[in-house]
Amino acid sequence: MIAQIHQSLIKKEFSALELCQKYLERIKKFDQKIKSFLTLSEDLAISQAKKIDEMISQGREIPILAGIPCAIKDIILIEGLKCTAGSKILENYVAPYDATVIKRLKENGAVILGKTNLDEFAMGSSTENSAFFKTKNPLDLKRVPGGSSGGSAAAVAADLCAFALGSDTGGSVRQPASFCGIVGLKPTYGAVSRYGLIAFASSLDQIGPMTKTVEDCEIVFDVIKGKDEMDSTSIELPITNYQSPINELKIGVPKEYFVEGIDLEVEKLIKEAIKEYEKRGVEIQEISLPHTRYALPTYYIIATSEASANLARYDGIKYGMSNVKSQISNLLDVYLNTRGGGFGPEVKRRIMLGTFSLSAGYYEAYYKRAQKVRQKIFEDFEKAFKDVDAIFTPVSPTPAFKLGEKIDDPLKMYLSDVFTVSASLAGLPAISITCGKTKNLPVGLQIIGKPFSEKLIFEIAKIYDTK
Amino acid sequence: MISKDEVKHIVKLARLSLSEKEIEKMQKELSAILDYVEKLKEVDISNVEPFSMKLKNIFRKDSAQSQKPMAKSQKLIEMAPQKKENYIKVKSVLK
């Protein structure tokens, strides 16, 4: 889709400005119902589009993303625009600089339409934890778009942008992509710079593309990936173009993913997709990832521990919401009042769980134990990848659920990430592609690869995408 | 089951403030989550090293990264809710 728009722009079938205005019109018409955007950046978008049109009229070569309208999850900084992270505590925070991914998008001429809704600080699986409003699934307005990158997923699915960026800590790109019937990639840890991404859990967070097609996903990934000196965990990818025939591919299907609480229709569709691959000559092999059932509890200890440390920065002193100007007389009360009033229930819950897991007397039994189990999960994958090139699993045990269905039961909500957290804990790349529908709701197939095997993942995904 | 006093202790460590009602709810929810993570105790972790990213140290010169470092820091100080001259102002720590 991006490549087609690119061709049309070059051939002057329409201008970048016309395209940008078309998308802005669509947002104004349809987003009242879907509510995927928190902020629109019309001025920025129009000035970027005009710049591209000027380049085209001068006959200059333009990058493939030039003039392509996109949306950005509101946890990634864009200089001069509000960045709320879906939280009251950052309601009026204006980003002082561009995230590295934004710098790269801008350099490549992408047209940024606005910032999309999310669960507060990316903590959630339905976008219902946003402090501002709930986003609806464009395919069924009574249902959630998934989360935490629900606004980005809904905007792509409803054609309110050509592509979007999300962030994924335990499944926050893949699960909403699955719920909204689009493509979402969580890159290998270190593949994309996190500079300018508001931190949730630093050993897990990655920014990823959310797109209409696998080809688009690859185009966006190629622009945002790579080493950045502002994020010392980012590395130049040793990614090579994958050139191996389908019939030499061997893909593993872990038996542990087809037991606990999976919707029967989802299981059926995933198995049919796997059969489809088999028909095309891919060798399928049952494998075992024995520590799968421990991934979710491990994730919730590690992610919340890191979050409790990362979110300590919201203290009412440096930026964001603050009670410092009230009649409070001491520093501690500024902290307590600002944080008590500024964070929503899920964020408080996770800060509490993380603080508990790191506290004296519990550190060994919780945080340290979880880090050891994380190592076991990592070794499961290491062992499996000696035999297979990639792994197929479902993205989520169910299709999109109803608004309000799980919001009162945190544990039930956490279970929608049960199939995505393992790849996050092991730092592996994983993509979600739609493999079918049940009662008109899309179901996502997850393809997990070895570290930095994004190119292979794209090739495998394309086999199905072009079906 | 985590006790109410423990919850209050964690609230203090986390620098949060919760109402009595919130504390009660938190006690129930944290207990349920902690029960769920209990199953990590089934895993044999003897002789297992904690997971690490196997990252290498990366260094840079200790010098200003931008050409106008003052302009950048000025921008950041401007964001503080209370400031005095070029400093961020805080409430007194000691009486």
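Bear in mind that the values in this text are calculations on the coordinates, not laboratory data. This is a predicted model, so every value here is computed, not measured. In this analysis, Cβ positions are derived from the backbone assuming ideal geometry, glycine residues included, and neighbour counts consider all displayed protein chains.
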Mean other chain Cβ within 10 Å across A:331-339 is 4
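Order these by the 10 Å Cβ neighbour count, fewest first: A:322, A:57, A:453.
So the ranking, lowest neighbour count to highest, is A:57, A:322, A:453.
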Efficiency of FRET from Cβ geometry, residue A:276 and residue B:8, R₀ 51 Å, rounded to 0.05: 0.40
Given A:462/B:39; B:12/B:75; A:82/B:68, which pairs have Cα atoms separated by over 27 Å? A:462/B:39; B:12/B:75
From the Cα gyration tensor of the protein assembly as shown, with a ≥ b ≥ c the square roots of its eigenvalues, which class applies: rounded if a/c is under 1.5, or else prolate if a/b is larger than b/c, or else oblate? oblate
Per DSSP H run of at least 4 residues, take -39500 (n - 2.57); add these up for chain B, divide by its residues and hand me the 222 nm value, nearest 500 deg cm²/dmol. -12500 deg cm²/dmol
When the label point is put 7 Å from the Cα of residue A:463 along its Cα-to-beta-carbon vector, which residues of the stretch A:210-234 have a backbone N closer than 17 Å? A:214-215
Separation of the residue A:92 and residue B:19 label points, Cα + 7 Å toward Cβ, nm: 2.4 nm
Can you give the average number of partner chain beta-carbon atoms within 10 Å of each beta-carbon in peptide A:311-323, as a whole number? 3
How many nm separate the modelled label positions at residue B:56 and residue A:8, each set 7 Å beyond the Cα in the direction of the Cβ? 4.6 nm
Each label sits 7 Å from Cα toward the beta-carbon; between residue A:255 and residue B:92 the label points are separated, in nm, by 7.0 nm
Only Lys, Arg (+1) and Asp, Glu (-1) charged, at Cβ; the stretch A:337-445 dipole about Cα centre in debye: 300 debye
Return the long-range amide H neighbours of residue A:38 (sequence gap of 5 or more, or a different chain), with a cut-off of under 5 Å between placed amide H atoms. A:115, A:116, A:117
Under 5 Å, built H, 5+ apart or other chain: amide partners of residue A:436: A:443
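Looking only at other chains, what is the average number of their beta-carbon atoms within 10 angstrom of each beta-carbon in A:92-98?
2
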With 0.36 nm assigned to each residue of separation and the Cα-Cα distance removed, residue A:440 to residue A:264 gains 61.8 nm
From the cross-link list A:402/A:437; A:225/A:450; A:348/B:28; A:29/A:51; A:186/A:450; A:29/A:212, which pairs have alpha carbons spaced over 23 Å apart? A:29/A:51
